[in-house]
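In what follows, a structure is listed as structure tokens, so that the remarks can point back to it.
The values are calculated or read from the model by the stated rules, or taken from the named source; none is laboratory data. Note that this is a predicted model, so its numbers are computed, not measured. All Cβ positions, glycine included, derive from the backbone under ideal geometry; neighbour counts span all protein chains shown. For the accessible areas, the whole protein counts, side chains as well, though only heavy atoms, and no ligand, DNA or RNA atoms are used. Shrake-Rupley method; radii C 1.70, N 1.55, O 1.52, S 1.80 Å.
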Amino acid sequence: MTLVCITNDLDDVRSCIVNGQHASNCDGMEWQYDREAECSYPTSNECGGCLPAPAEFGVLCYTCFEKTRGALKIALDMITHLRSVERAQQLDKNGVRAAATWILPVPNTWRMADELIMLLGHPAPGFLSTATTEDVKAVTEAQLDFDVNEWVSREAGGEDAVHFFRTMQHALAQHPFADVEHRVQNVRCWECRQLSLVWKPPLEFDGPLHIACSTPACEFVVDPTLYAILAASQLDKVTSAIRKTKAAQLAEARAARAIVKRRIKAETRAREKAAKEASECAALGAA
Ligand SMILES: [Zn+2]
Ligand SMILES: [Zn+2]
Ligand SMILES: [Zn+2]
């Protein structure tokens, strides 16, 4: 019996199968796992393939191995990137919500970085909260210095590898690299007052945060402290502007409702009056 890809043994991961090929016990129907009942049921769909993918590289199938190697290739950049997301940047991203809470909790991106480094074998709970970009880089580099083939040759390693590339996929989806260098959305340049600040990754810089104006004549560099001050003061304005718009909308809606109510009242009164007059007329006619 050939060994199958370890995903077929993992509950929380979709099993790797060979499309169009079927296991010997396949009855032609697609089966679906029911989480609550904790067992599989046949569906009314035709089975498109259910033969478990063979393990070709250690305990992984070809696809999983390729995904693992791809994820490892960009792991250093991604982990450093995840750790580089700072409180000041979160302020800009969450604009409206963040203004009220100046002290932000540990960013989710930091937790993701911890998860990734632990899957690579770093002891829990991951990076020190005081670790600088350089520290993070050094730790990650050291952790990445291992033999992939050996990693996925063992069951525990293969399982970690699958969770590793899946977490990397999540990280990429939520924090794409295109985002690494991006225009700050809600905070204006201190010097020229334009929305032209660009946030650059610390990967190429020494400091934790590098924000500079992209207006050619300005090119003002905002240091992190000034940025935090600008974000706090300007985002408050954004928030109060939004609040004002919202209040205006509510007032308008209230006024519109009042008009409708008044019209209904007037119509009812007119109808009652007409009915009264009609009954009076009828009474006169009968007399
Ligand atoms: Zn099948
Ligand atoms: Zn697989
Ligand atoms: Zn500027």
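In the stretch 31-46, what residues are more than 31 Å from the chain's Cα centre (by Cα) and either exposed (fewer than 10 other Cβ atoms within 10 Å of the Cβ) or under 27 Å from residue 165 (Cα atoms) (or both)? Can you show your working first?
Keep residues of the stretch 31-46 that are more than 31 Å from the chain's Cα centre (by Cα), which gives 41-46.
Within the stretch 31-46, 44, 46 qualify.
Hey, can you tell me all the residues within the stretch 64-77 that are surrounded by 22 or more Cβ atoms within 10 Å (Cβ to Cβ) and more than 11 Å from residue 144 (Cβ to Cβ)?
Filtering the stretch 64-77 for residues surrounded by 22 or more Cβ atoms within 10 Å (Cβ to Cβ) gives 64-65, 68, 75.
Listed by number, the residues that qualify are 64, 65, 68.
Report yes if residue 68 is part of a helix (DSSP H, G or I), away from ligand 1 (no atom under 16 Å from the Cβ), closer than 22 Å to residue 169 by Cβ and not assigned by TED's automatic domain parsing to the domain that holds residue 156, otherwise no.
Details: part of a helix (DSSP H, G or I): yes; away from ligand 1 (no atom under 16 Å from the Cβ): yes; closer than 22 Å to residue 169 by Cβ: yes; not assigned by TED's automatic domain parsing to the domain that holds residue 156: no.
Criteria not met by residue 68.
Condition check ((1) open to solvent by 60 Å² or more (accessible area, probe 1.4 Å); (2) modelled with pLDDT of 85 or more; (3) hydrophobic (A, V, I, L, M, F, W, C)) across all residues:
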residue	(1), (2), (3)
224	no, no, no
260	yes, no, yes
276	yes, yes, no
286	yes, no, yes
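Restricting the stretch 44-63 to residues that are within 9 Å of ligand 1 (Cβ to nearest atom) and of a type outside the set (D, E, K, R), which is nearest to residue 148 (Cα to Cα)?
Of the stretch 44-63, the ones within 9 Å of ligand 1 (Cβ to nearest atom) are 46-51.
When the remaining residues are screened for being of a type outside the set (D, E, K, R), the result is 47-51.
Details: 47: 34, 48: 32, 49: 29, 50: 28, 51: 26 Å.
Ranking the qualifying residues of the stretch 44-63, first place goes to 51.
Just to verify a result, which residue in the stretch 6-19, among those that are touching a residue at least 40 places away in the same chain (Cβ under 8 Å) and within 16 Å of ligand 1 (Cβ to nearest atom), is least open to solvent (accessible area, probe 1.4 Å)?
Out of the qualifying residues, it is 16.
All but one of (1) touching a residue at least 24 places away in the same chain (Cβ under 8 Å); (2) within 15 Å of ligand 1 (Cβ to nearest atom); (3) farther than 17 Å from residue 51 by Cβ hold for residue 41, so report the exception by its number.
Residue 41 satisfies every listed condition except (1).
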